[in-house]
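First comes the structure, then the notes that go with it.
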Amino acid sequence: MNNNEDRNEWGSNLSFILAMIGSAVGLGNIWRYPYVLYSNGGGAFYIPYIVAILIMGIPFLILEYSVGYNFKSSFPKALRKINSKFEFLGWFIPISVFLIMIYYSCILGWDGLYVIFSFFKSWGANPNNYFTSTLLQSTTSTSGLSVFIPIIAVAILVGWLIVWYVSHKDLEKGLGRLSKILVPLLFIIMLFIVIFSLTLPGAGIGLNELFAPDWSLLLNFNIWMAAFGQIIFSLSLGMSIAFTYASYTKDDSDLVSNTLWVVLANCGFENFCALGVFSILGYMSLKSGVAVNQLVQQGTGLVFIAYPTVFNVLGNWSYVLGPAFFFTVYIAGLTSILSTIEPLSFSIQNKFAWSRNKIMTILCIIGAVVSMIYATGMGGTILGFVDAYINQIAILIGVFFECIAFAWLFKCEDVIPELNRRSKSLKIGRWWIFIVKYLLPTVVAIVWVGGLFDTIKTGTFEELIVFVILTVILVGFTILFTVLPSKSDDWYKTKSRIFD
Ligand code: PHE
């Protein structure tokens, strides 16, 4: 190993677990999950959700961790060692994740502004109008590209500055230390917010609405697709993040127990958030007489429109709850966004022998410049397109090929004895092989076809153009990084190792 890689090591297993939880727990848990749960059968959604955790979340995370830990190298280098034809996949995924990072920086920027707005309730009497028209000047037409919104640009740039500040340092001094502070803080503040929400009058109305199971939906293909989609996004599965983080661990980690902790914390957190969100909506429904199902909005709308609407009727408490809520979302988003730069930066560091400091600085500058597209009037619309493309198309292709590379070509059965020797909890058996080799690739392929079909059916012309541009960028850079020669001889050595 060269010096650059030396500094990429967690100080302790705790840093590793907390950074993984920080990556997993993010906007997906707070704004995405409550809505997904509600709109896909309420209580009945737990069946596909638990199935998705059992056959995808846990087995795939164990797989990603094991291979990352085994190779202790960047994602493309490991894939190259598994099979030299697979190096492209090793670039395709980290670049996709970097594209997620760029739009994530925008949502983080919006949220940063709302931390400040919440002290003054700057959104006024009509939060919907304020968010979409006044702040974002949102339009679906391409003319919006020429409308530049400085306040959004500044908010996004602040996020990039924080990301740069933390990431350009050595791993443990930056990300490791920060995760140890922010992740516990996130859980503590959320605990208070949810407990407070549960005590509001009308909370029961919201919770009844949330959990009222619609069993008939269990036969609907879409709710199964939604469950798998949620688990992939929420656990940041197949994004080479778990892989990269595991490659930074010291020897002798208990990867199976670590996986269980991360899944438990992430899924526990999102269900806990759902209780809070729906208690608040129940309260709102009681106050305004509007039915809960009229108040529920998708993701962005829930955080930036429904919540401010509730804070408007909450009286003085809202001056505590509002900032606390938006601040929590900011922390959750920050610990996730910090994980999205690691796979690509480590891969470049590894192949081209650049220092962590230098590559982080360059990537942050590129990311910050590109993210300015989201500070235009069409930003929100483009963000929706990029999100759909990356999550429903690109990442799923990645997960599918990862199953082939990690489970089949790498022969994942070889790592079982070592995993079990270290595991203080679950023991891995043949069931795991069956899941990662057969069941998972099949399920992912089905979800991918379903998602693609959905996207094409509902997509607009502009969306299609964005998809084409993204494909060109993604494939172009994947080819470029794959063919550029490495500065490290080790890159071309073929030996693979099993936990040596
Ligand atoms: N898991 C994160 C969340 O729930 C989202 C995320 C996706 C983070 C991809 C990193 C990479 O919000």
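The values are calculated or read from the model by the stated rules, or taken from the named source; none is laboratory data. All figures in this text were calculated on a predicted structure; none of them were measured in a lab. Here the Cβ is made from the backbone with ideal geometry for all residues, glycine too, and neighbour counts use every protein chain on show. Ligands, DNA and RNA are stripped out before the accessible areas are found, and what is left, the full protein with its side chains, is counted by its heavy atoms. Shrake-Rupley method; radii C 1.70, N 1.55, O 1.52, S 1.80 Å.
A few points about this structure:
- The test for being within 30 Å of residue 196 (Cβ to Cβ), buried (at least 21 other Cβ atoms within 10 Å of the Cβ) and more than 16 Å from the ligand (Cβ to nearest atom) does not hold for residue 333.
- Residue in the range 43-55 that is at pLDDT below 95 and either on the phi > 0 side of the Ramachandran plot or charged (D, E, K, R) (or both) present: no
- In a residue-by-residue description of the range 87-106, the property of being surrounded by 24 or more Cβ atoms within 10 Å (Cβ to Cβ), more than 23 Å from residue 437 (Cβ to Cβ) and more than 16 Å from the ligand (Cβ to nearest atom) applies to at least one position.
- Residues of the range 363-379 that are open to solvent by 30 Å² or more (accessible area, probe 1.4 Å) and in contact (Cβ under 8 Å) with a residue 12 or more places away in the chain: 370, 372, 373.
- Residue ID - least open to solvent (accessible area, probe 1.4 Å), chosen from residues in the range 107-137 that are under 29 Å from residue 389 (Cα atoms) and not in a helix (DSSP H, G or I): 136
- Checklist (1) in a helix (DSSP H, G or I); (2) surrounded by fewer than 24 Cβ atoms within 10 Å (Cβ to Cβ); (3) more than 15 Å from the ligand (Cβ to nearest atom) applied to residue 62, failing item: (2)
- Residue within the range 392-413 that is of a type in the set (Lys, Arg) and free of Cβ contacts under 8 Å to residues at least 12 places away in the same chain present: yes
- Unmet requirement for residue 69, which otherwise passes all of (1) aromatic (Phe, Trp, Tyr); (2) within 16 Å of the ligand (Cβ to nearest atom); (3) within 23 Å of residue 167 (Cβ to Cβ): (2)
- Selection over the range 248-302 of residues that are without any contact (Cβ under 8 Å) to a residue 60 or more places away in the chain and buried (at least 20 other Cβ atoms within 10 Å of the Cβ) gives a count of 1.
- Unique residue being open to solvent by 10 Å² or more (accessible area, probe 1.4 Å), assigned to a helix (DSSP H, G or I) and of a type in the set (Gly, Ala, Ser) when the list is 43, 28, 68, 57: 43
- Flag if residue 33 is open to solvent by less than 10 Å² (accessible area, probe 1.4 Å) and either part of a helix (DSSP H, G or I) or within 16 Å of the ligand (Cβ to nearest atom) (or both): yes
- Residues located in the range 229-243, provided they are open to solvent by less than 10 Å² (accessible area, probe 1.4 Å) and more than 11 Å from the ligand (Cβ to nearest atom): 243
- Residue in the range 424-431 that is in contact with a Ser or Thr (Cβ under 8 Å, 6 or more places away or on another chain) and either assigned to a helix (DSSP H, G or I) or surrounded by 14 or more Cβ atoms within 10 Å (Cβ to Cβ) (or both) present: yes
- Criterion violated by residue 190 - all others in (1) more than 27 Å from residue 398 (Cβ to Cβ); (2) open to solvent by 60 Å² or more (accessible area, probe 1.4 Å); (3) part of a helix (DSSP H, G or I) satisfied: (2)
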